[in-house]
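One structure is given below, encoded as structure tokens.
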Amino acid sequence: MGARAKRKERVGIVISDKMDKGIVVHLNRTAIHPIYRRIIKKSGKIVAHDEKNEAKTGDKVKIQETKPVSKSKRWRLVEVVK
């Protein structure tokens with residue numbers, strides 16, 4: 001398998017598309033609390049590279065890990081899911 005197959009992929013919602021060729025994606029995930037052993041929700045924001053400016057606010061998108069594009073962008077847009 002090539003290096004591209006091992007890259008992480010995430011699905012999230014675009015919360016900002018104000019940058020040129022950049023989007024901010026909100027990600028939700030679940031984790032187990034280390035002490036209480038309960039499932040808790042965690043969330044975060046990731047800045048992703050959108051070469052064609054095709055994603056808009058509210059879109060569900062798939063992003064993939066990539067080499068650094070800028071100071072904050074380490075992910076790129078793969079496709080707009082919905």
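The values are calculated or read from the model by the stated rules, or taken from the named source; none is laboratory data. Predicted, not measured: the structure shown is a model, and the values here were computed from it. Quick reminder, even Gly has a Cβ in these numbers, built from the backbone with ideal geometry, and neighbours come from all protein chains shown.
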Examine the range 57-74 for a residue that is polar (S, T, N, Q), loosely packed, with under 11 Cβ neighbours inside 10 Å and assigned to a strand (DSSP E or B), and state whether such a residue exists. no
Scan the range 47-56 for residues that are at negative phi and part of a loop (DSSP other than H, G, I, E, B) and report the count. 6
In the range 32-46, which residue that is touching a strand residue (DSSP E or B) at 6+ places or on another chain (Cβ under 9 Å) and in a loop (DSSP other than H, G, I, E, B) is nearest to Leu77 (Cα to Cα)? His33
Confirm whether Ile13 is surrounded by 10 or more Cβ atoms within 10 Å (Cβ to Cβ), β-branched (Val, Ile, Thr), assigned to a strand (DSSP E or B) and more than 11 Å from the chain's Cα centre (by Cα). no
Within the range 1-26, take every residue that is among the small types (Gly, Ala, Ser) and under 15 Å from Ile63 (Cα atoms) and give me the one that is modelled with the lowest pLDDT. Ala5
Taking Arg29 as the residue in question, decide whether it is surrounded by 12 or more Cβ atoms within 10 Å (Cβ to Cβ) and either modelled with pLDDT of 95 or more or not in a helix (DSSP H, G or I) (or both). no
